[in-house]
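Heads up, the thing below is written out as structure tokens.
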């Protein structure tokens, strides 16, 4: 309990200090450059009152969720196969380590050509941003499984499918979970770039379009919305991991400290 109390006091003081520095910056540079907390709140109220903000948040969240889920569902079995089959890993690992350094935003133009300007191109971009992170984390998990565990399973008559299902997958689950969680942040970065360049809706479009009207308060509103969206989904996914995957070694930082 003392640790929890100290945590909340520290977090409260941190937010108060951040708001104070923010307000000081607004006073020094003016609201056109750095809008203060109250000016940002009023700008957010404008966007909420006409329904724009909630609509854009819903659109961006839908795109991220669909692309992130589909990319993860595709990446996990691919990572398991690459890690389990040596001949595939020999050819696939260099390719993965090459293409993972190409950021998703570099593919925006190509994806627009390949998939069009609709939702398909944006979801495909998020799938790309998710896929390689999850594959590499899954591959790392498979490679980290102790050989003694696999040999023990074989000595007891387990088939390769049973070894994969009952030995490798449980041991790899923490790595898979971490990869999916990291990919979530990359997905938000990818969708903002896509919405800035090729969209008429979404939080990224709101941030980019606000420059035309020199509404820096709207830009700040968009930034805060992104932060809250990411924070909410990350905490929700972390809660899921703690509740459902605890027996596989998925434990929060807070739980380790306790």
Of the residues that make up the range 96-115, is at least one under 26 Å from residue 171 (Cβ atoms), in a helix (DSSP H, G or I) and either modelled with pLDDT under 90 or not assigned by TED's automatic domain parsing to the domain that holds residue 202 (or both)?
-> yes
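Okay, residues lined up against (1) in a loop (DSSP other than H, G, I, E, B); (2) at positive phi; (3) modelled with pLDDT of 85 or more; (4) touching a strand residue (DSSP E or B) at 6+ places or on another chain (Cβ under 8 Å):
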| site | (1), (2), (3), (4) |
| --- | --- |
| 150 | no, no, no, no |
| 157 | yes, yes, no, no |
| 178 | no, no, yes, no |
| 185 | no, no, yes, no |
Candidates 178, 186, filtered to the one that is closer than 24 Å to residue 74 by Cβ, in contact with a helix residue (DSSP H, G or I) (Cβ under 9 Å, 6 or more places away or on another chain), free of Cβ contacts under 8 Å to residues at least 60 places away in the same chain and in the same structural domain as residue 109 (by TED's automatic domain parsing) | 178
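Here's the yes/no breakdown for (1) out of contact with any helix residue (DSSP H, G or I) (no Cβ under 9 Å at 6 or more places or on another chain); (2) within 13 Å of residue 75 (Cα to Cα); (3) buried (at least 19 other Cβ atoms within 10 Å of the Cβ):
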{"residue": "133", "(1), (2), (3)": "no, yes, yes"}
{"residue": "138", "(1), (2), (3)": "no, yes, yes"}
{"residue": "142", "(1), (2), (3)": "no, no, yes"}
{"residue": "150", "(1), (2), (3)": "no, no, no"}
{"residue": "163", "(1), (2), (3)": "no, no, yes"}
{"residue": "167", "(1), (2), (3)": "no, no, no"}
{"residue": "172", "(1), (2), (3)": "no, no, yes"}
Just need a number here: residues in the range 193-218 that are touching a helix residue (DSSP H, G or I) at 6+ places or on another chain (Cβ under 7 Å), over 10 Å from residue 126 (Cα atoms) and in a helix (DSSP H, G or I).
-> 14
Looking only at the range 21-40, decide whether some residue is closer than 30 Å to residue 129 by Cβ, more than 25 Å from the chain's Cα centre (by Cα), part of a helix (DSSP H, G or I) and in contact (Cβ under 8 Å) with a residue 24 or more places away in the chain.
-> yes
Give the residue that is farthest from residue 135 (Cα to Cα), with candidates limited to residues of the range 75-97 that are touching a helix residue (DSSP H, G or I) at 6+ places or on another chain (Cβ under 7 Å) and free of Cβ contacts under 8 Å to residues at least 40 places away in the same chain.
-> 88
Among the residues listed as 129, 92, 75, the single one being in the same structural domain as residue 200 (by TED's automatic domain parsing), part of a helix (DSSP H, G or I), closer than 15 Å to residue 189 by Cα and modelled with pLDDT of 85 or more | 129
With respect to residue 108, is the statement that it is surrounded by 16 or more Cβ atoms within 10 Å (Cβ to Cβ) and within 21 Å of residue 211 (Cβ to Cβ) true?
-> yes
Check residue 155 against each of (1) free of Cβ contacts under 8 Å to residues at least 40 places away in the same chain; (2) surrounded by 14 or more Cβ atoms within 10 Å (Cβ to Cβ) and name the one condition it does not meet.
-> (2)
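The values are calculated or read from the model by the stated rules, or taken from the named source; none is laboratory data. Values in this document were obtained by computation on a predicted structure and should not be read as measured data. Note that we place each Cβ from the backbone using ideal geometry, even for glycine, and neighbour counts take in every protein chain shown.
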